[in-house]
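A short write-up of the structure that comes next.
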Amino acid sequence: MSTDRLTRRGFLGTGAVAGAGLLWGSSLGGCSLVQAKDGHEGLHAGSESQAKNVIFLVADGMNTGTWSLADYYLQHQNGSKNLGNRRTEWVHLYAERLVNRALMETCSANSLVTDSAAAGSAWACGQRVNNGSLNYSPEGQPLTPLHDLVQKSGRATGLVTTTRMSHATPASFATSVPQRGMEDAIAAQYLDKGVEVLLGGGSRHFAAESRADGEDLFGKFRKAGYEVIGKRDELLSVTEVPDRLLGTFWGTHLPYTIDRNHREEVARQVPTLAEMMRAALKVLDSKPNGFLLQVEGGRVDHAGHGNDPGAIVHDQLAFDECIAVALEYTRDHPDTLVVVTTDHGCGGCQLNGMGASYLDTDKTFFNGIDALSSSFEYLRNQFGVLSRGEFKDLTEASIQLVLTEDQLDVLDGLKSTNYGVSTQLRKWYDPIQRTGVNFTSTNHTGEFVELSAWGPGSGNFNSFVTNTDVNAVVRRVLGLS
Ligand SMILES: [Zn+2]
């Protein structure tokens, strides 16, 4: 069971943080969620509807198909398909009936298909806004995000993501801007608002040399009392729990997990999402009045846009580890509501039956994903950096695509376009033929999505909710006004 994995690694991962082991236990009993739902020995003993903390986990752009792929693949890695063996944490929550479960409608104010800015805003301010805007009404009025109310209640806020720190989903909980692309402004708002923990990618929106206004935001964060870090080692070797923490571990979005898994230099630089979440919890756990922590597996969405089966499976699994971290935290902190969901589907990712009577499906999928060791994005970034021969070898080794000289000429012609090379590689790779995984588009999708919750107040979620309902539940559970 996954909790054994946690126990072996220890809650704090490989890092040594003084005193951190004392914050909560390293083992997770099978009845942890019973305790979480019924124990209530925290601040709000006796009240089922109040919580001290909220942990909000978002697998951005996750189709139910993606969710299934990750579970099948984890079972395959574990060498068994038997229920009760190593399944994803999210499936475990359902299989053991540990959570309240809902379907959520994800529309925005102006479309059945939302973007992440509008979706996050619906959660954060309780109103639907137009695609592309962050807590700004369709009439152009700024709206109040959850962070502001949480702060007013004396609690702290943390945002953890695999995207740029200033990307739509983390930004939605704490900032208000008319256009999600205003990432320099979003980074500055985090400072102005005093968001206590920020861990993710996107250093380019904090560094003087890459910000349009030339401001040294890192310096300003330091002056404001933040510990500012930029490497995995620094995250894991923090010796004292800082009051405030800003960590950006890559210039833009963090690399995909599949690329991290296969490249030591990336793994040295970049922490996993679960490692960042643990670090965030260490800081936030020290806050006397509680916290709201959002953790986003943001690149699940990007892999959907990129129709990249290897990237999507491994990033979904990396997100799933965070559910285990939340389970363990709530074992000793039953006054914590945990919500696990996604903001919308992306790409329409699905496993498709392969061969006669679909009997080639399993081997096509498992062998296909096993053989992948690069995302299409990683290959795109290497094109023009490596020699033609080296690139040909890398592509063959990592996605089993043998490029002809003519195809390399085609890629040469695409070099100047941002996504051209990866899009062309994906077309030649042909995901359904090699993995059985296919996509309906490279866009977001409009289906109802999964939402799971446990802890105090989780019973406030009906079986069918809208994205704006989430705001009402969180506000009610935290007693925000
Ligand atoms: Zn997206």
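Within the stretch 332-345, the set of residues being within 16 Å of the ligand (Cβ to nearest atom) and in contact with a Leu (Cβ under 7 Å, 6 or more places away or on another chain) comprises just one member, Thr341.
Which strands (runs of 3 or more DSSP E) does the stretch 213-321 wholly contain that include 3 or more residues that are in contact with a Gly (Cβ under 8 Å, 6 or more places away or on another chain), assigned by TED's automatic domain parsing to the domain that holds Gln50 and open to solvent by less than 10 Å² (accessible area, probe 1.4 Å)? Steps first, please.
On the way: elements: 226-229, 244-248, 291-297.
Ranges flagged: 291-297.
Considering only residues that are crowded, with 24+ Cβ neighbours inside 10 Å and without any contact (Cβ under 8 Å) to a residue 60 or more places away in the chain, which ones fall in the stretch 145-164? Matches in the stretch 145-164: Pro145 only. Whenever a residue of the stretch 238-254 is in contact (Cβ under 8 Å) with a residue 12 or more places away in the chain, its partners that are among the hydroxyl-bearing types (Ser, Thr, Tyr) and open to solvent by 40 Å² or more (accessible area, probe 1.4 Å), lying with C-beta atoms within less than 6 angstrom and at least six residues away or across chains, give the pairs Val241/Ser286.
Considering the stretch 410-481, the qualifying helices (runs of 4 or more DSSP H), each wholly inside and each with 2 or more residues that are more than 17 Å from Met104 (Cβ to Cβ), open to solvent by 10 Å² or more (accessible area, probe 1.4 Å) and away from the ligand (no atom under 16 Å from the Cβ), run over 420-429, 431-435. In summary, Asn131 fulfils each of the numbered conditions (1) within 16 Å of the ligand (Cβ to nearest atom); (2) over 19 Å from the mean Cα position of the chain (by Cα); (3) closer than 23 Å to Leu480 by Cβ with the single exception of condition (3).
Quick check on this structure: which one of Ala168, Ala174, Ala212, Ala188 is over 29 Å from Asp308 (Cα atoms), in contact (Cβ under 8 Å) with a residue 24 or more places away in the chain and within 19 Å of the chain's Cα centre (by Cα)?
Working: Ala168 fails: over 29 Å from Asp308 (Cα atoms); Ala212 fails: within 19 Å of the chain's Cα centre (by Cα); Ala188 fails: within 19 Å of the chain's Cα centre (by Cα).
Only one candidate passes the filter, namely Ala174.
The selection criterion, being more than 16 Å from the ligand (Cβ to nearest atom), surrounded by 22 or more Cβ atoms within 10 Å (Cβ to Cβ) and not polar (S, T, N, Q), holds for Tyr329. Within the option set Ala168, Ala187, being over 22 Å from His344 (Cα atoms), of a type outside the set (Val, Ile, Thr) and at pLDDT 95 or above holds for one residue only, Ala187. Within the set Ser398, Ser357, the sole residue that is open to solvent by less than 60 Å² (accessible area, probe 1.4 Å), out of contact with any Pro (no Cβ under 9 Å at 6 or more places or on another chain) and away from the ligand (no atom under 16 Å from the Cβ) turns out to be Ser398.
Tally up the residues in the stretch 165-207 that are in a helix (DSSP H, G or I), open to solvent by 10 Å² or more (accessible area, probe 1.4 Å) and not hydrophobic (A, V, I, L, M, F, W, C), please.
Restricting attention to the stretch 165-207, the residues satisfying the condition of being in a helix (DSSP H, G or I) are 168-174, 183-193, 203-205.
Narrowing the set further to residues that are open to solvent by 10 Å² or more (accessible area, probe 1.4 Å) leaves 183-185, 188-189, 191-193, 203-205.
Now drop any that are not not hydrophobic (A, V, I, L, M, F, W, C), which leaves 183-184, 189, 192-193, 203-205.
Residues flagged as in a helix (DSSP H, G or I), open to solvent by 10 Å² or more (accessible area, probe 1.4 Å) and not hydrophobic (A, V, I, L, M, F, W, C) within the stretch 165-207 amount to 8.
The values are calculated or read from the model by the stated rules, or taken from the named source; none is laboratory data. Since this is a predicted model, take the numbers as computed values, not measurements. In this analysis, Cβ positions are derived from the backbone assuming ideal geometry, glycine residues included, and neighbour counts consider all displayed protein chains. Side chains included, ligands, DNA and RNA excluded: accessible areas come from the protein's heavy atoms. Shrake-Rupley method; radii C 1.70, N 1.55, O 1.52, S 1.80 Å.
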